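Have a look at the structure below, then the notes.
The values are calculated or read from the model by the stated rules, or taken from the named source; none is laboratory data. What you see is a predicted model, and the numbers here were worked out from it, not measured in a lab. Positions of Cβ are generated from backbone atoms using ideal geometry, with glycine treated the same way; all protein chains shown enter the neighbour counts. Remember, those area values only see protein heavy atoms, side chains included, never the ligands or the DNA or RNA. Shrake-Rupley method; radii C 1.70, N 1.55, O 1.52, S 1.80 Å.
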Amino acid sequence: MREWITGRNPVYEVLRARRRDVFRLWLAAGVEEKGKVAEILKLAAARKLKVERVTRGQIDGLDEASEQAQGIALETSAYPYAALADILIYAKERREPLFVLVLDMIQNPQNLGTLLRTAEVVGVHGVVMPLARAAGVTPAVVHASVGASEHLRVAPVNLAQAIVDLKKAGAWVIGLEGGEEAQLAHSVRLDGPLALVVGNEGEGMRPLVRKSCDVLMRLPMRGQIESLNAAVAGSVALYLALAAREKGMAVK
């Protein structure tokens, strides 16, 4: 399967990551070849990828192209998913405590893209998500992640079995939850091998996934609204984990 990636940062990251086959690069007439565009053209030339000048209408008319297409589009092979084993191997190669983001039924592409972007920035070893009934890494998600998805190992899995396998690998499975039965984040250790679970935007974690967690964690809330959305809460929790991991490494 082939798909079109649009937007300067997403296109740049696809080319920089070199994980996909690339077929065509479209540049809208009038787009100046400077800044990020110049960097894209340099990467394209290194891969002997011909640049085609087209109208903006052709790019804007592509499937899943957004208003932020920025006059550039890249035709590529489908997103290169990984396996859970790839994530575990990568953590061992890095000689770091396992750090995995588990997404239970995230369905909004913007939320998924935001979570993938944060996950890449904080240095997770990989992301696992259900095989079905959840958003996949579509061009819209790549765009929402600003191309961060291209540098991540994302594994579609049977989530219940994956949690079992993560525990066997030594991970402490922590589910992000808003209820009073969950422990406040400052009382939960986040510096060791960790799998952080973020649930669906509306329903949270499914009962079986929730039951599989070693501990439930909630973020402190001081304001008037009841909760943060899944993408924001998950991003905050990922940064709390990063801070704890860096503090632990500094102590050692």
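Tabulated data for the structure shown
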{"quantity": "Subset of segment 76-110 that is without any contact (Cβ under 8 Å) to a residue 12 or more places away in the chain and more than 30 Å from K211 (Cβ to Cβ) - its residue that is surrounded by the fewest Cβ atoms within 10 Å (Cβ to Cβ)", "calculated": "R95"}
{"quantity": "Top-ranked residue of segment 190-216 - restricted to ones that are within 21 Å of E120 (Cα to Cα) and among the charged types (D, E, K, R), ranked as surrounded by the fewest Cβ atoms within 10 Å (Cβ to Cβ)", "calculated": "E201"}
{"quantity": "Residue that is at pLDDT below 95 and not in a loop (DSSP other than H, G, I, E, B), where the choices are G57, G30", "calculated": "G57"}
{"quantity": "Index of the failed condition, A73 passing every other in (1) more than 29 Å from A244 (Cα to Cα); (2) surrounded by 24 or more Cβ atoms within 10 Å (Cβ to Cβ); (3) among the small types (G, A, S); (4) without any contact (Cβ under 8 Å) to a residue 60 or more places away in the chain", "calculated": "(4)"}
{"quantity": "So G126, is it exposed (fewer than 14 other Cβ atoms within 10 Å of the Cβ), under 30 Å from A69 (Cα atoms) and either without any contact (Cβ under 8 Å) to a residue 60 or more places away in the chain or of a type in the set (S, T, N, Q) (or both)", "calculated": "no"}
{"quantity": "Neighbours by Cβ (under 7 Å, 6+ apart or cross-chain): first from segment 1-27, assigned to a loop (DSSP other than H, G, I, E, B); second open to solvent by 10 Å² or more (accessible area, probe 1.4 Å) and of a type in the set (G, A, S)", "calculated": "M1/A78; R20/S77; D21/S77"}
{"quantity": "Matching residues, segment 165-182, being farther than 24 Å from V137 by Cα and touching a Ser or Thr at 6+ places or on another chain (Cβ under 8 Å)", "calculated": "G178"}
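Residues are listed down the side, and each one gets a yes or a no for (1) assigned to a helix (DSSP H, G or I); (2) touching a residue at least 12 places away in the same chain (Cβ under 8 Å); (3) polar (S, T, N, Q); (4) in contact with a Pro (Cβ under 6 Å, 6 or more places away or on another chain):
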{"site": "I163", "(1), (2), (3), (4)": "yes, yes, no, no"}
{"site": "L166", "(1), (2), (3), (4)": "yes, yes, no, no"}
{"site": "G170", "(1), (2), (3), (4)": "no, yes, no, yes"}
{"site": "I174", "(1), (2), (3), (4)": "no, yes, no, no"}
{"site": "G179", "(1), (2), (3), (4)": "no, yes, no, no"}
{"site": "H186", "(1), (2), (3), (4)": "yes, yes, no, no"}
{"site": "R189", "(1), (2), (3), (4)": "no, yes, no, no"}
{"site": "V197", "(1), (2), (3), (4)": "no, yes, no, no"}
